[in-house]
Structure formats: structure tokens, C-alpha cells
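Coordinate-derived values only; no laboratory data. These numbers come from a predicted model, not from an experiment. Ideal geometry is used to build each Cβ from the backbone, glycine not excepted, and the neighbour counts take in all protein chains shown.
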Amino acid sequence: MSKRFMQIWGWPIILALLSTFGLLAALLGVGLWHWLSWIALSVPIVVIWHYWFRPGNK
């Protein structure tokens, strides 16, 4: 893949993979997998929160 492609789509792809992993871990796993699911599904929310409420956004 080109460097330009990864500069634009790198983080969205990583967040999508984390979300997919979190959803599958929650559906198919037990015990530790539920904790990993919570962590994986929290990362996109934290990223959104960070960029939504950063200074100078308004």
C-alpha cells in the first residue's frame, strides 16, 4: 500500500478492526474476552471524545 493511503486511512482501519474485535469478543468469548471487548470498544469512544472536546474545535 502506498504511504499516502496509510496516512489517510491508517487510523480509521485500526479503529474499525478494534471495533470488530471487540464485538466478536463480546459475542463469542467468556471471562477475559469480555474485558478485552470492553477495552477494544472503549478505544474508539475515547478517540471520538478526544477530538470532539479538544480546544479550538468551535
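The table for this structure:
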item	result
Cα-based helix-to-principal-axis angle, 32-52 vs the chain, degrees rounded to 10	20 degrees
Overall form of the chain per C-alpha gyration tensor (a/c, 1.5; a/b vs b/c)	oblate
Degrees between helix 3-28 axis and first principal axis of the chain (Cα, 0 to 90, nearest 10)	20 degrees
Segment 3-52: relative contact order in percent, alpha carbon pairs under 8 Å with at least 6 residues between	34 percent
Chymotrypsin sites (Phe, Trp or Tyr not before Pro) restricted to segment 1-57 and DSSP loop, no more than 13 other C-beta within 10 Å	53
